[in-house]
Amino acid sequence: MKILITGGAGQIAYSLIPLLLSGNIFNTKIDLILLDIESCLEKLEGVKMELEDSNFEYLNSLIITSDLKTAFSDIDLAILLGGFPRLPGMERKDLLEKNLEIFKIQGTALNNYANPNVKVLVVANPVNTNCWIVNKFSPNIPSENFTSYSYLDQERLAYLLQIKYNQRYENIKNIIIWGNHSSTMVPDVSNYNSEIKLDDDDIYMIQNRGASVIEKRKLSSAMSAANGIIKHITKWFHGSDDEIISFGVYNMNSYKFPEDMFISIPVKTYKNFNYSVVDDLQIDNKTRTMINISIEELKEEIDLVKQLL
Ligand code: NAD
């Protein structure tokens, strides 16, 4: 299994790598490639030294690089963490422009060098739009091989159900995050327990949990993000056992949502990175209205990127 992590010198990567090399997901040795920008190569060298000193049983080989061809050649799985962060005072258009540059180049590299069967998980924000860009620039790779990350939001919702509604984590299933990964995302527990009605405070908490972590930590979520990535990949690779989970996937008119965008919607996953969209759930009017707002926001983002192309 050849796995690329972009943003390899960043904080999520630092939490993610040991979990990925635990042998719990892929019961096979891993050829790991860490890509970062040239100015972070020295930091990557430090990460490499720590990996050497960790003697992970499941690490077969390690490459650190800033070269796209080296990074993307023959990979089976890409976890895209590296992106341009939103700096204070930065307009959304500027952020999209910066990330367009990055994901256009990486999409092209995927297309040219990766195993055509490669699976791609996009985590860098704005995650749904970055996933759309990278997918657009790798036309040889099927759109269903790309997913964007909503699992952390789903885990936050599971936590809320435990602390406020006294649910047991092991019983919680079929909870959904709909829409764009932003402060408009829509948590939905109606398919888990229709008697639990999330109130506006609950919804606000889920939508703004990432921002709350940044406020306290002065850094964005990393440990929990890494943990959610592991859960996403585990479910994607091994299957969700009939449980409904949330992935950002390329939408093919499910629920009459607009096509040609990556929207967080309910899926079931099966062995070997297969999944199907669960497209027959009932959505109440309030939830539907909120989802429409979130998707409209996403559509505006993608329209803006299309203008910049
Ligand atoms: P970080 O700033 O610690 O690390 C990002 C790394 O990416 C840096 O080392 C940077 O040099 C690198 N990078 C930048 N441009 C690159 C490029 N073109 N190629 C390769 N590497 C590049 O950030 P982090 O905390 O690790 O977070 C990574 C991303 O994940 C951020 O975009 C963050 O917003 C996002 N995130 C998403 C969620 C989610 O739920 N979707 C949650 C947490 C964080």
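Annotations for the structure displayed:
- Exposure rank, largest accessible area first [90, 185; 1.4 Å]: 90, 185
- In this rough spin-label picture, where each label sits 7 Å from Cα along the Cβ direction, the residue 243-residue 259 distance is 3.3 nm.
- For residue 64, residues with placed amide H under 5 Å, excluding near neighbours: 34
- For residue 119, the residues whose amide H sits under 5 Å from its own are 77, 78, ignoring neighbours fewer than 5 places away on the same chain, with H placed 1.01 Å from N.
- Paramagnetic reach from residue 219 in the range 1-39 [backbone N under 20 Å; point 7 Å along Cα→Cβ]: 5-21, 34-39
- Using C-alpha pairs under 8 Å with a sequence gap of at least 6, the mean separation divided by the residue count of the range 2-148 gives a relative contact order of 24 percent.
- At the residue level, residue 12 shows approximately 30 square angstrom of accessible surface with a 1.4 angstrom probe and all protein chains present.
- Karplus-derived 3J(HN,Hα), 6.51/-1.76/1.60, for each residue of the range 102-115, Hz, glycine and proline x: 5, 7, 5, 5, 6, x, 5, 5, 4, 4, 7, 10, 6, 4
- Placing pseudo-labels 7 Å out from each Cα toward the beta carbon at residue 194 and residue 93 gives an inter-label distance of 4.7 nm.
- GNM flexibility winner over the chain from 166, 60, 112 (Cα, springs under 10 Å): 166
- Modelled FRET efficiency - R0 45 Å, residue 285 with residue 101, Cβ distances, 0.05 increments: 0.65
- Residue of 29, 197, 235 that the Gaussian network model of the chain assigns the largest fluctuation, springs spanning Cα pairs under 10 Å: 197
- For the pair residue 14 and residue 158 in one chain, pulling the backbone fully straight at 0.36 nm per residue adds 49.4 nm over the alpha carbon distance.
- Each principal axis of the Cα cloud of the range 2-148 was evaluated for its coordinate range; sorted largest first, these ranges are 44, 35, 25 Å.
- Based on Cα contacts under 8 Å between residues 6+ apart, the chain shows a relative contact order of 17 percent.
- Full extension of the segment from residue 309 to residue 41, taken as 0.36 nm per residue of separation minus the current Cα-Cα distance, would add 93.5 nm.
- Rounded FRET efficiency, nearest 0.05, which uses the C-beta distance separating residue 70 from residue 24 and R0 of 45 Å: 0.95
- In the chain, the longest principal axis of the Cα atoms and the axis of helix 151-165 are about 40 degrees apart.
- Cα-Cα over 29 Å, subset of 48/119; 271/299; 256/306; 69/306; 136/256: 271/299
- The range 48-97 versus the range 247-280: alpha-carbon centroid distance in Å: 26 Å
- Looking at the chain alone, DSSP beta bridges between its own residues are antiparallel in about 40 percent of cases.
- Percent carbon-and-sulfur accessible area, the chain, ignoring ligands, DNA and RNA, probe 1.4 Å: 49 percent
- The ratio of the alpha-carbon radius of gyration of the chain to the globular-protein estimate 2.2 N^0.38 Å is 0.96.
- Ligands, DNA and RNA excluded, the heavy atoms of residue 87 present near 90 Å² of accessible surface to a 1.4 Å solvent probe.
- Per residue, in Å², the accessible surface of the range 151-308 once ligands and nucleic acids are set aside, probe 1.4 Å: 50 Å²
- A simple rule links phi to the HN-Hα coupling: the Karplus curve 6.51 cos²θ - 1.76 cosθ + 1.60 with θ = phi - 60°, which for the range 289-297 gives 5, 5, 5, 4, 5, 5, 6, 4, 4 Hz, with x for Gly and Pro.
- Built amide H within the under 5 Å cut-off of residue 59, gap 5+: 30
- Note that the range 30-38 has calculated 3J(HN,Hα) couplings of 10, 8, 9, 10, 10, 10, 8, 6, 4 Hz, one per residue in order, obtained from phi through the Karplus relation 6.51 cos²θ - 1.76 cosθ + 1.60 (θ = phi - 60°); glycine and proline are x.
The values are calculated or read from the model by the stated rules, or taken from the named source; none is laboratory data. If you're wondering where the values come from, they're calculated on a predicted model, not measured in any experiment. FYI the Cβ positions are ideal-geometry reconstructions off the backbone, even for glycines, and counts take in every protein chain you see. Surface areas here come from the heavy atoms of the whole protein model, side chains and all, with no ligands, DNA or RNA. Shrake-Rupley method; radii C 1.70, N 1.55, O 1.52, S 1.80 Å.
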